[in-house]
Amino acid sequence: TPPDADGIGSISFAFQQFQAGDAAGAQRLWERFFPRLVGLARKTLGRRPQRVADADDAVQSAFASFFDRARQGAFGAGLDRDDLWALLGVIAVRKARKQTRREAAAKR
């Protein structure tokens, strides 16, 4: 596929590769979205001190959930770059919030 602006290649194609069982597709998705998702998770976590986990952990957990669900066919084949970003963003924010709640509960 022709590379997109960052030279990685079509994100839609990478998702299709992943769904077909090609680990290279998962790697492309990771490379494309991981840095932005970490930034989003950091913003969600704010200035709260992270004792056990941090933004990287939240995003790794988000990707694990996303990849598990995608392998099960939960997302279909029609996701484009914007759909994937929105979906991964929602999952990462929820993971970060859950992490914050868990750590707050552990303090009590």
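The values are calculated or read from the model by the stated rules, or taken from the named source; none is laboratory data. All figures in this text were calculated on a predicted structure; none of them were measured in a lab. Here Cβ is always computed from backbone atoms with ideal geometry, including for glycine, and neighbour counts include all displayed protein chains. For accessibility, only protein heavy atoms count, side chains too; no ligands or nucleic acids. Shrake-Rupley method; radii C 1.70, N 1.55, O 1.52, S 1.80 Å.
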- Query: Restricting attention to segment 75-104, which residues are within 10 Å of the chain's Cα centre (by Cα), among the small types (Gly, Ala, Ser) and open to solvent by 30 Å² or more (accessible area, probe 1.4 Å)?
  - Reply: 86
- Item | Condition check for residue 21: surrounded by fewer than 18 Cβ atoms within 10 Å (Cβ to Cβ) and at positive phi | yes
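Could you tell me whether residue 78 is in a loop (DSSP other than H, G, I, E, B) and without any contact (Cβ under 8 Å) to a residue 40 or more places away in the chain?
Yes, satisfied.
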